[in-house]
Amino acid sequence: MKKYSYPDSCGHFGPYGGKFVPETLIPVLIELEKTYLRCSRNRDFKTEFHALLKDYTGRPTPLYPAEKLNAMLKGPKIYLKREDLCHTGAHKINNALGQVLLAREMGKKRIIAETGAGQHGVATASAAARFGFECVIYMGEIDMKRQAPNVTRMKLLGADVRPVLTGQKTLKEAVSAAIRDWVASSADSHYVLGSALGPHPFPMIVRDFQSVIGKEARSQILKAEGRLPDMLVACVGGGSNSIGLFHPFLKDTKVEMTGVEAGGTGATLGMHAARFFGGRIGILQGTRSYVLQDIDGQIALTHSVSAGLDYAAVGPEHAMLHDMKRVNYVKVSDAKAVRAFRLLCRIEGIIPALESSHAVAWVIKNAAKLKGKLLIVNLSGRGDKDVDQVVSFMGKK
């Protein structure tokens with residue numbers, strides 16, 4: 001593989017990415033990029049960030065051999081990267097801490113965030129509380145109902161959780177509300193975008209902060225098995241947990257990578273959130289990528305049992321990796337994800353997030369084809385937040 005040097009100086013991943021934002025935000029994004037590039041080379045900043053990852057987040061997270069799952073499937077040898085054991089319950093805290101440190105460097109005192117499943121909201125609220133910042137979090141009304149425990153956690157952490165009542169009332173609308181706030185308050189506020197999407201430099205910043213996942217997994221699998229894995233598997237919503245795992249392995253061409261999207265309840269537009277299965281190239285919320293849209297270019301409704309995967313676009317780096325065929329993108333239905341959720345609970349004593357359950361479900365479905373392969377599956381978060389949603393889903397079925 002040729003030297004991987006994306007994004008370019010303008011924030012493009014091939015034809016994807018860029019900055020499609022109101023003119024008032026351009027200088028704000030330039031300031032953010034300059035601050036990030038300076039801090040990424042600053043020894044004191046890096047030392048503080050990694051100390052927080054160790055002592056506050058609880059890194060490194062374990063690479064767990066799923067022995068009972070392996071014995072049941074009789075196919076691949078699976079290791080689970082246990083991001084669910086991070087403080088606040090998901091990988092989101094890695095990026096939240098990094099961006100709050102950047103906000104401090106820029107002299108901002110107020111933090112804005114969006115959240116779908118609530119894990120990014122909890123992580124951002126925790127980081128803001130840790131550093132004494134005011135925190136406002138936007139969340140779609142539908143997501144607030146299906147992720148009620150996380151709403152309570154955010155409020156306990158001192159965040160002002162604001163319901164978004166427009167449109168589909170899920171993640172897309174929450175992002176729009178956060179951006180509107182940021183346009184009006186950018187002089188003293190920083191928007192902690194939670195996934196590897198949005199305008200440049202966010203896809204780069206989020207990827208780099210989340211790459212700790214892949215860097216740890218790489219050294220851990222070499223210690224455990226004496227070799228690199230045959231395949232990495234992770235769920236893909238906006239794409240932060242997956243790009244965090246994949247990125248440190250991109251140059252290793254023999255390591256296959258599979259990103260699992262939300263197949264929802266069917267292939268018809270509006271019944272799923274699988275951008276590579278029905279999406280077209282378009283622009284949404286600051287970036288050019290694959291977007292689910294109707295024939296007139298209007299953003300389509302999406303659906304997933306998992307709030308964190310319920311989004312109409314995918315991060316621009318994933319779009320490029322799809323076109324390069326470096327990553328194989330697949331989809332998994334709601335029903336299969338819930339079955340994987342229940343199975344991992346019963347046989348490994350681990351309650352996974354519904355997002356991560358999509359990745360586990362794909363491995364279960366394809367176990368026979370993967371026989372003899374060494375796999376790392378990213379368990380991006382824990383499923384305490386999803387228990388009521390799973391019970392409701394099972395009741396409907």
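Bear in mind that the values in this text are calculations on the coordinates, not laboratory data. Values in this document were obtained by computation on a predicted structure and should not be read as measured data. Note that we place each Cβ from the backbone using ideal geometry, even for glycine, and neighbour counts take in every protein chain shown.
For the reader, a short list of remarks on this structure follows.
- In order along the stretch 312-318, the phi-based Karplus estimate (6.51 cos²θ - 1.76 cosθ + 1.60, θ = phi - 60°) of 3J(HN,Hα) comes to 7, 10, 10, x, x, 5, 5 Hz; Gly and Pro are listed as x.
- Kirkwood Rh, angstrom, the stretch 243-320 [1 / mean 1/r, Cα pairs]: 13.3 Å
- 3J(HN,Hα) from dihedral phi, the stretch 91-97, Karplus parametrisation 6.51/-1.76/1.60, rounded to Hz, x for glycine, proline: 5, 4, 5, 4, 6, 4, 4
- Shown for the stretch 82-196 is the translational diffusion coefficient from the Stokes-Einstein equation, using the Kirkwood radius over Cα pairs, a temperature of 4 °C and a viscosity of 1.567 mPa s: 95 µm²/s.
- Rounded, prolate or oblate (a/c below 1.5 giving rounded, otherwise prolate when a/b exceeds b/c) for the stretch 1-52 by Cα gyration tensor: oblate
- Between the stretch 297-321 and the stretch 1-74, the Cα center-to-center distance that results, in Å: 20 Å
- Pair TYR56, ASP44: separation of 7 Å Cα→Cβ label points (nm): 1.7 nm
- Normalised per residue, the volume of the convex hull around the Cα set of the chain (Å³): 130 Å³
- Vicinal HN-Hα couplings computed from phi for the stretch 149-165 (Karplus, 6.51 cos²θ - 1.76 cosθ + 1.60; Hz; Gly/Pro x): x, 6, 4, 4, 4, 4, 5, 4, 7, x, 7, 8, 8, 10, x, 9, 9
- The orientation-averaged shadow of the Cα convex hull for the stretch 200-257, equal to a quarter of the hull surface, comes to 3.9 nm².
- If you run the Gaussian network model on the chain, springs between alpha carbon atoms under 10 Å, then out of ALA340, ALA224, ALA123 the most flexible one is ALA224.
- Cut-off under 5 Å, modelled amide H: who pairs with TYR138 long-range: ALA113, GLU114, THR115, ARG162
- Built amide H within the under 5 Å cut-off of VAL291, gap 5+: ARG280, ILE281, GLY282
- Highest-fluctuation residue, THR61, THR268, THR287 considered, GNM on the chain with Cα pairs under 10 Å: THR268
- Taking amide H atoms as placed 1.01 Å from N in the peptide plane, the amide H of LYS331 lies under 5 Å from those of GLU261, each 5 or more residues away in sequence or on another chain.
- Hull volume in cubic angstrom per residue (convex hull over the Cα atoms of the stretch 185-340): 125 Å³
- Cα Rg over Rh - the stretch 50-144, Kirkwood: 1.12
- Helical runs (DSSP H, four residues minimum) scored at -39500 (n - 2.57) apiece and divided by the length of the chain put the mean residue ellipticity at 222 nm at -12500 deg cm²/dmol.
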